[in-house]
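To start, the structure under review is shown below, and the notes come after it.
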Amino acid sequence: MNKKLLYSAILTVALGSAFSSCSEEELNSESIFDTTEDALDPNSYTYSFDKWLKENYSDIYNMEFRYKMQHIGTDMDYNLVPARYDKAVDLALLTKYLWFDVYGNLVGPDFLKQYGPKIIHLIGSPAFNPANHTEILGLAEGGLKVSLFKVNELDVTNPDLLNEHYFKTMHHEFSHILHQTKTYPKEFDLINASHYEPNNWQDRNGALVNSLGFTTTYASSQAREDFAETCANYITRTDAQWDLCLWMADRGWESTDGEDYAYCYYFYANDADREAGHKTYVGEFVAQEGNNGIFGVANILARPSSDGAYSRGYIGNGYTVYSNVADVEAFIASASSRYDIIPVPDSDNMDGKANILQKVSIARNWFSDAWGLDIDALRAEVQKRQASIDMDELRSQIK
């Protein structure tokens, strides 16, 4: 007799005993399980916050906002620390204001109650991946749980960092949850099908991938990340940031020192450099990562040396990053008055701006057709709210 049959036999005997006993005595109506809800302790230091979380997350959306880090719910491969209480309070308030209330206003709370995560888990520290030297900002696990890292670095006065560390991450992860429920059109995957780099995307330069048609380097890792990054960046980037992204995508870039630096203009400092093909570069791309959440073009001038390396200085008085198209073009005009600068040719055979706009169009139609959501209205509501954050007013909700 094999193990499966033996088990079945034992189960049959057990069930037979149970049925015979049922006929002889009445079942107790009391459950053997604890069905009482966890009671909030009015004497607890965190009572006001816990009560607010219950009323604004649990009761409305049937989800749990975990600000006390649970080791069983984290990856033990990372050295992580809990979120500070004051940072957790602020992030919970901002998450409701900038994410849950946005969807609630547009499609009602039942949408996030049905499709939103059931757990948001806050972790105080970043999670570093030593294998590829990347940093994890958020994780979406099976559409049920979203983990947010770096909570102890929350700076409520810096909207760019709020988006870079938290809210772009939330929209990114929620895009994954939605497309895992209803697949986005596969024509999206074909736009840059030959340009994805799943293993070394972190080594690519943001300007070079922008010119191909990606909003970020992470978008260039694989198609589904490209889709989530396209949605998240379109929703959270300001008009100035989005216009600059398209401006960067619409031109050529050349890199130096591997792909550490990329430039959009160059000139020859003298006849010898021209004859040798040694270019002096102007207008350096600056990524959001490590730059306080701001990306743009810096007033860097990179001069070649005889050994092939580049020395970097700047044009003007001090290092400056220009983060909107008007300021970038004013800097270029100023540089052209001093040097005979030439635009770097766009030699990748891709129209990066057209590719990004095509991806947004696919996402726009998918949000509308699959979910009845207007992504432009969603973006407008997010932009309005993130431009008018009043932390004192938000904090007054918790009494």
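What residue, among those in segment 275-293 that are at pLDDT below 85 and over 20 Å from Glu259 (Cβ atoms), is surrounded by the fewest Cβ atoms within 10 Å (Cβ to Cβ)? Only one residue tops the list, namely Asn292. Of the set (1) outside any helix (DSSP H, G or I); (2) of a type outside the set (Phe, Trp, Tyr); (3) surrounded by fewer than 21 Cβ atoms within 10 Å (Cβ to Cβ), all apply to Thr215 but (3). Taking the conditions (1) in contact (Cβ under 8 Å) with a residue 60 or more places away in the chain; (2) outside the structural domain of Phe214 (by TED's automatic domain parsing); (3) farther than 26 Å from His165 by Cβ in turn, Ile294 satisfies each one other than (3).
Any idea how many residues of segment 189-210 are small (Gly, Ala, Ser), part of a helix (DSSP H, G or I) and over 14 Å from Ala287 (Cβ atoms)?
0
Only one of the numbered conditions (1) within 32 Å of the chain's Cα centre (by Cα); (2) without any contact (Cβ under 8 Å) to a residue 12 or more places away in the chain is violated by Ile300, and that is (2).
Here is a yes/no grid of residues against (1) within 24 Å of Thr217 (Cα to Cα); (2) exposed (fewer than 15 other Cβ atoms within 10 Å of the Cβ):
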| position | (1), (2) |
| --- | --- |
| Asp273 | no, no |
| Ala309 | no, yes |
| Gly318 | no, yes |
| Tyr322 | yes, no |
| Ala354 | yes, yes |
| Trp371 | no, no |
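Among the residues of segment 172-207, those that are out of contact with any helix residue (DSSP H, G or I) (no Cβ under 7 Å at 6 or more places or on another chain) and crowded, with 21+ Cβ neighbours inside 10 Å comprise Glu173, Phe174, Gly206. Return a yes/no flag: does segment 214-228 have any residue that is closer than 30 Å to Val102 by Cβ and acidic (Asp, Glu). Yes, because at least one residue in segment 214-228 is closer than 30 Å to Val102 by Cβ and acidic (Asp, Glu).
Being under 24 Å from Val209 (Cβ atoms) and buried (at least 19 other Cβ atoms within 10 Å of the Cβ) is the requirement here; does Asn299 meet it? Yes. Restricted to segment 77-188, the set of strands (runs of 3 or more DSSP E) holding at least 3 residues that are modelled with pLDDT of 90 or more and either under 13 Å from the mean Cα position of the chain (by Cα) or not assigned by TED's automatic domain parsing to the domain that holds Phe295 (or both) comprises 119-122.
The values are calculated or read from the model by the stated rules, or taken from the named source; none is laboratory data. All values derive from a computational prediction rather than experimental measurement. When we count neighbours, we look across all protein chains shown, and the Cβ atoms used for this are built from the backbone with ideal geometry, even at glycine.
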